[in-house]
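Report on the following structure.
The values are calculated or read from the model by the stated rules, or taken from the named source; none is laboratory data. All figures in this text were calculated on a predicted structure; none of them were measured in a lab. Counting neighbours? That spans all protein chains shown, and the Cβs are built from the backbone with ideal geometry, glycine included. Keep in mind that these areas ignore ligands, DNA and RNA; they rest on the heavy atoms of the full protein, side chains included. Shrake-Rupley method; radii C 1.70, N 1.55, O 1.52, S 1.80 Å.
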Amino acid sequence: MNRPKVLVARAIFPETIARLEEHFEVESNPNDESWSKAELIARLQGKQGVFTTGSERIDAELLDACPLLKICANMAVGYNNFDVDAMVAHGVVGTNAPDVLTETTADFGFALLMATARRVTESEHFLRAGQWTKWSYDMFSGSDIHGSTLGIIGMGRIGQGIAKRGAHGFGMKVIYHNRSRLDAALEADCKASYVSKEALLQTADHVVLVVPYSAASHHTIGAAEIALMKPTATLINIARGGIVDDAALAVALKEKRIAAAGLDVFEGEPKVHPDLLAVPNVVLTPHIASATVPTRRAMADLAADNLISFLTGKGPKTPVTPVLTA
Ligand code: 8YV
């Protein structure tokens, strides 16, 4: 019997490839070459499944050109690289990798918040540059985490994880804004109060963004929203590039309209707005919020599980499109 053919679009753990090879004919990308869209389409010919990361755009043009494709399994919880409507129209299943990265990503949100508020990277650069010649009373003074007000925009699983860390671990007052309000039990668990976006921006000492990207959430934070924030506030983006207007943020940081920002995601990444690279009061990391070895393995396993389950007739495990069978 002919085994289904799948393409793994990016380099991944050899064990993941080996697992897929137990079920499929696999073409992989061990050297992590950057394939153009035309090359991706060419390699997808004859394939029923593709293992993607957040970097590969799956849209109508690609789907039109790949009529045998039945499933795209994303190794990411976010799936804004999928044109879900086009996938549904083409009868192609999309899956993501939820849950397995929640706590790891919440940890990183907190790490970025603490590094930003306490100016960790800025002071390290100063030290490495040999500029530390004497201690002074106000050297790299930042703002407190404990006892401060944490504002979370986007209260899904990761947002809730950050809320719990803040409320239970650091005695923070937690406020949140979300498309829909959490039920009372979840709010109590997170010790979080629902407020309007405006109230959150005006009140929070630290604003953390964890909303999924969509046309509706594009530039959730721009110049007008930053203008509502306290001049002492910090802004953390671990959601997606495009949630923040990076150019407006760079201006605000330069003019000290807010104290600092911590960014793990960028508009047009891996490019970073040059004005952000030029300001000192921002901590910049290359989209690593889910990057621990066990979590990246679990994400890869879940994407592989989705391909195996679906293409062996058992249905997708974590679909983001309506469920179809292989
Ligand atoms: C991924 C992420 O590492 O899961 C997500 O949505 O942003 C990250 O955890 C990235 O998208 C690569 O797939």
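Per residue, how much accessible area does region 102-284 have with a 1.4 Å probe, in Å²?
48
Here are some pairs, 191/271; 70/164; 197/317; 164/230; 134/164; 197/271; which of them have Cα atoms lying more than 32 Å apart in this structure?
Exceeds cut-off: 191/271; 70/164; 197/317; 134/164.
State the percentage of accessible surface on region 102-284 attributable to carbon and sulfur atoms; use a 1.4 Å probe and exclude ligands, DNA and RNA. Numbers along the way, then the final one.
Working: 4900 of 8790 Å².
Looking at region 102-284 in its full context, I get 56 percent from C and S.
Starting from the amide H of residue 282, placed 1.01 Å from N in the peptide plane, find each other amide H under 5 Å away whose residue is 5 or more places distant or on another chain.
So residue 282 has HN proximity to 261.
Please identify every one of the GluC sites (Glu not before Pro) in region 187-261 that sits in a loop by DSSP and has no more than 15 other beta carbons within 10 Å of its own beta carbon.
255
Scan around residue 142 for amide H atoms under 5 Å from its own, H built in the peptide plane at 1.01 Å from N, and keep only partners 5 or more places away or cross-chain.
Answer set, sorted by chain and number: none.
In deg cm²/dmol and to the nearest 500, what is the mean residue ellipticity at 222 nm of the chain if only DSSP H runs of at least 4 residues count, each as -39500 (n - 2.57), divided by the residue total?
Using -39500 (n - 2.57) per qualifying helix, the result is -9500 deg cm²/dmol.
Okay, which of region 256-284 sit inside 14 Å, backbone N to the point 7 Å along the Cα-Cβ direction of residue 131?
278-282
In sequence order, what are the phi-derived ³J(HN,Hα) couplings for region 269-285 according to the Karplus relation 6.51 cos²θ - 1.76 cosθ + 1.60 with θ = phi - 60°, rounded to whole Hz, with x for glycine and proline?
Values per residue, Gly and Pro as x: 4, x, 6, 10, 3, x, 5, 6, 5, 8, 9, x, 8, 9, 9, 10, 10 Hz.
What FRET efficiency, computed as 1/(1 + (r/R0)^6) with R0 = 30 Å and r the Cβ-Cβ distance, is obtained for residue 43 and residue 15, rounded to the nearest 0.05? Let's see the in-between values first.
Values: r = 22 Å, r/R0 = 0.73.
With a Förster radius of 30 Å, E is 0.85.
Go through region 63-79 residue by residue and turn each phi into a ³J(HN,Hα) via Karplus (6.51, -1.76, 1.60, θ = phi - 60°); whole Hz please, and just put x for glycine and proline.
5, 4, 7, 10, x, 7, 5, 10, 8, 10, 10, 8, 8, 6, 6, x, 9
Sticking with the crude label model, points 7 Å out along Cα→Cβ, report the distance from residue 168 to residue 219 in nm, one decimal please.
Inter-label distance under the simple model: 3.9 nm.
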